[in-house]
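Down below is the structure, laid out as structure tokens.
The values are calculated or read from the model by the stated rules, or taken from the named source; none is laboratory data. Fair warning: this is a prediction, and the values are worked out from it, not measured in the lab. Positions of Cβ are generated from backbone atoms using ideal geometry, with glycine treated the same way; all protein chains shown enter the neighbour counts.
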Amino acid sequence: MSQRMQQGQPMIVMSEDSQRVKDRDAQDYNIRAARAVAEAVRSTLGPKGMDKMLVDSMGSVTITNDGVTILKEMDIDNPTAEMIIEVAETQEDEAGDGTTTAVAVTGELLKNAEELLEQDIHPTAIIKGFHMAAEQAREEIDDIAEEIDTEDEGLLRKTAETSMTGKGAEVNKEHLSQLIVDAVGAVTVETDDGDSVVDLEFLKIETQSGRAVGESELLEGGIVDKDPVHDNMPTDVEDASILLLNDPIEIEEADVDTEVSITDPDQLQQFLDREEKQLRDKVDHIVDTGANVVFCQKGIDDLAQHFLAKEGILAVRRTKKSDLEFLSEVVDGAVVGDLEAATEDDLGSGSVTRDDDDDLFYVEGDDSHGVTLLLRGSTEHVVDELERGVTDALDVVAQTVADGRVLAGGGAIEVELASRLRDYADSVSGREQLAVEAFADSLELVPRVLAENAGLDSIDILVDLRAAHDDGEIRAGLNAWTGDVEDTFESGIVEPAHAKEQAVTSATEAANLVLKIDDIIAAGDLSTDGEDEEMPPGGPGGMGGMGGGMGGMM
Ligand code: ADP
Ligand code: MG
């Protein structure tokens, strides 16, 4: 039975299980997916944004207000939605803050693009218009941004506070923002041409639950949250020569499967002696290097512990890898992977001090510049969310120090940009003009949502904001605490310009990526309309394929 392909018949290259969606249907499908993601994080935007409780399949709970965390934990199973999550991740990598803004604006760009598509405007024109608008917006941001004195601590603290608000750091935000500014200061170095370079590699964040947030502190050097392996070891070593070891101090078994058959007691003794000698040799080698402190990432045999204690060496086992790496910076020593190869040159120098209240060691280097930000909070959930907020704020302050340009927040920058983009649109011809206008409208989503989340009338607020900007009040924004439209720069709601530029860039790229697709070919099932009765609540984008992993939220 030979089956030949007949002339003129299309060749079938897709398997029967695969699905294909084209043109407007493809755009529709993608836009709905992207908007559903945007809707999911919108309610967390701003200082009065709500938190989300995420429960993963193992039942563990995360409570957060952080856009990128929400999206990462949501376990989304939809290719377009995943593209939007990448926007958040890019924003997080490039700017450290502004993830919710980037994703929410992406959703709004697509919503407005959909209206243009319905008017039969070709996606290419929309993409081009969005691109032009984004370019113009970045230029305007640079024009609007204010150059600040990067040593102005008060202002830096405000950028930290603005970034942290709404992230569980409210009560202690003065204390925390000071710690953040100090921490960044500690790892900032001036280059020869007078530029400031912030190296966050030299900054480590540690968390501990059980104490109040207000007891968070900034420490010189690093900490190791472990106990000595033996009671008879010193716990404080002032002139410490520190070996950082990623190799067990244990008996090496030649082969796991080797069986030792012992027939008489002498043989047993020999065998034990051999083992003891091996451990003895290892400890002797440590003594030879001159080390009096060993932080070991692996295990330490009981007998070796005993030998080390006898030698007066402080040893810690199962030190976290990240701790060892950081200590390597702090004490300027190498992480040694093979004990036999360790030499005096590998050792770091500094001091080790025991904190008996918290059961941890403080490790300071003699002449290096690592610092640890020790964040405390009553419970794990509190500390975890605090850490997310503080990490964003650290990036924000670091960026502000490096870049020196800031903007008025609370939607001030977005409204000003929208107004300038509408002027710019007049100079754009063709269909692209409509896209530039749509872009301007999309930016105004930020003040609208900030107002909405603060329980205010978003239309009233937007009207007031536009009026203020028409009157030339460039810094007029919404103060979500008072509900007033005011000069938000003066009220201390200040954001770094770089993060905003990045948000414009990432949102535009993501929206354009989605708009460019006119054909979806899926190997498996693409659940579209009608097949799923359950749709995620709250969003216009109730598309299938995304319902699954979201059971734990909203
Ligand atoms: P993102 O993930 O985009 O950083 P956030 O939840 O951190 O989202 O919210 C950031 C937005 O909140 C920014 O537009 C910022 O200007 C605004 N914002 C911060 N503090 C205030 C405030 N007190 N009043 C109004 N808006 C504020
Ligand atoms: Mg933020």
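Being surrounded by fewer than 24 Cβ atoms within 10 Å (Cβ to Cβ) and either within 16 Å of ligand 2 (Cβ to nearest atom) or assigned to a loop (DSSP other than H, G, I, E, B) (or both) is a property that holds for L456. Among residues of segment 165-180 that are surrounded by fewer than 24 Cβ atoms within 10 Å (Cβ to Cβ) and basic (K, R), those with a beta-carbon under 9 Å from a residue that is modelled with pLDDT under 90 and assigned to a loop (DSSP other than H, G, I, E, B) at least six positions away or on a different chain give the pairs K173/T165. Of the residues making up segment 138-173, just one is at pLDDT 95 or above and in a loop (DSSP other than H, G, I, E, B), namely A145.
Surrounded by 14 or more Cβ atoms within 10 Å (Cβ to Cβ) and at pLDDT below 95: is that true of G542 in this structure? So G542 passes the test. Comparison of T124, T100 shows that the only residue that is in a helix (DSSP H, G or I), more than 19 Å from D518 (Cα to Cα) and in the same structural domain as L450 (by TED's automatic domain parsing) is T100.
For segment 106-117, the condition holds for no residue, the condition being that it is surrounded by fewer than 24 Cβ atoms within 10 Å (Cβ to Cβ), assigned to a loop (DSSP other than H, G, I, E, B) and either within 15 Å of ligand 1 (Cβ to nearest atom) or touching a residue at least 60 places away in the same chain (Cβ under 8 Å) (or both). Would you point out the residue of segment 196-219, among those that are part of a loop (DSSP other than H, G, I, E, B) and in contact (Cβ under 8 Å) with a residue 40 or more places away in the chain, that is surrounded by the most Cβ atoms within 10 Å (Cβ to Cβ)? Only one residue fits best here, namely S216.
Name the residues in segment 390-438 that are away from ligand 2 (no atom under 16 Å from the Cβ), of a type in the set (D, E, K, R) and either closer than 30 Å to T207 by Cα or in contact with an Asp or Glu (Cβ under 8 Å, 6 or more places away or on another chain) (or both), would you?
Step one: list which residues in segment 390-438 are away from ligand 2 (no atom under 16 Å from the Cβ), which gives 401-405, 415-438.
Pick out the ones that are also of a type in the set (D, E, K, R) and you get 403, 405, 416, 420, 422-423, 426, 431-432, 437.
Passing the criteria: D403, R405, E416, R420, R422.
Only residues that are within 9 Å of ligand 1 (Cβ to nearest atom), in a strand (DSSP E or B) and either free of Cβ contacts under 8 Å to residues at least 24 places away in the same chain or among the hydrophobic types (A, V, I, L, M, F, W, C) (or both) were counted across segment 475-489, and they come to 1. Touching a Leu at 6+ places or on another chain (Cβ under 8 Å) and either surrounded by fewer than 19 Cβ atoms within 10 Å (Cβ to Cβ) or without any contact (Cβ under 8 Å) to a residue 24 or more places away in the chain (or both), is that true of E414? Judged against the criteria, E414 is not a match.
Suppose we keep only residues that are in contact with a helix residue (DSSP H, G or I) (Cβ under 7 Å, 6 or more places away or on another chain) and away from ligand 2 (no atom under 16 Å from the Cβ) within segment 471-494. Which one would you say is farthest from E414 (Cα to Cα)? This residue is V485. Selection of segment 82-97 for residues being away from ligand 2 (no atom under 13 Å from the Cβ) and either touching a residue at least 60 places away in the same chain (Cβ under 8 Å) or in the same structural domain as H381 (by TED's automatic domain parsing) (or both) yields M83, I84, E86, V87, T90, E94. Just one of the listed residues (V213, V181, V224) is touching an Asp or Glu at 6+ places or on another chain (Cβ under 7 Å) and under 30 Å from A408 (Cα atoms), and it is V181.
Are any residues in segment 124-169 aliphatic (A, V, I, L, M) and farther than 30 Å from L375 by Cα, and if so, which ones? Steps first, answer last, please.
Of all residues in segment 124-169, those aliphatic (A, V, I, L, M) come to 125-127, 132-134, 137, 141, 144-145, 148, 155-156, 160, 164, 169.
If the condition is that a residue be aliphatic (A, V, I, L, M) and farther than 30 Å from L375 by Cα, then A125, I126, I127, M132, A133, A134, A137, I141, I144, A145 are the ones that fit.
When you go through (1) of a type in the set (S, T, N, Q); (2) within 13 Å of ligand 2 (Cβ to nearest atom); (3) under 27 Å from M53 (Cβ atoms) one by one for T159, which number turns out not to apply? All conditions pass for T159, except number (3). Of all the residues in segment 50-81, those that are surrounded by fewer than 24 Cβ atoms within 10 Å (Cβ to Cβ) and within 14 Å of ligand 2 (Cβ to nearest atom) number 3. For segment 269-291, a tally of residues being buried (at least 22 other Cβ atoms within 10 Å of the Cβ) and not aliphatic (A, V, I, L, M) returns 1.
For D281, state whether it is among the charged types (D, E, K, R), within 34 Å of the chain's Cα centre (by Cα) and assigned to a helix (DSSP H, G or I). Taking the combined requirement at face value, the residue does not satisfy it. D192 meets the conditions (1) more than 22 Å from E325 (Cα to Cα); (2) touching a helix residue (DSSP H, G or I) at 6+ places or on another chain (Cβ under 9 Å); (3) not aromatic (F, W, Y) in every case but one. The failed one is (2). L347 satisfies every condition listed in (1) buried (at least 22 other Cβ atoms within 10 Å of the Cβ); (2) under 23 Å from the mean Cα position of the chain (by Cα); (3) more than 16 Å from ligand 1 (Cβ to nearest atom) except (2).
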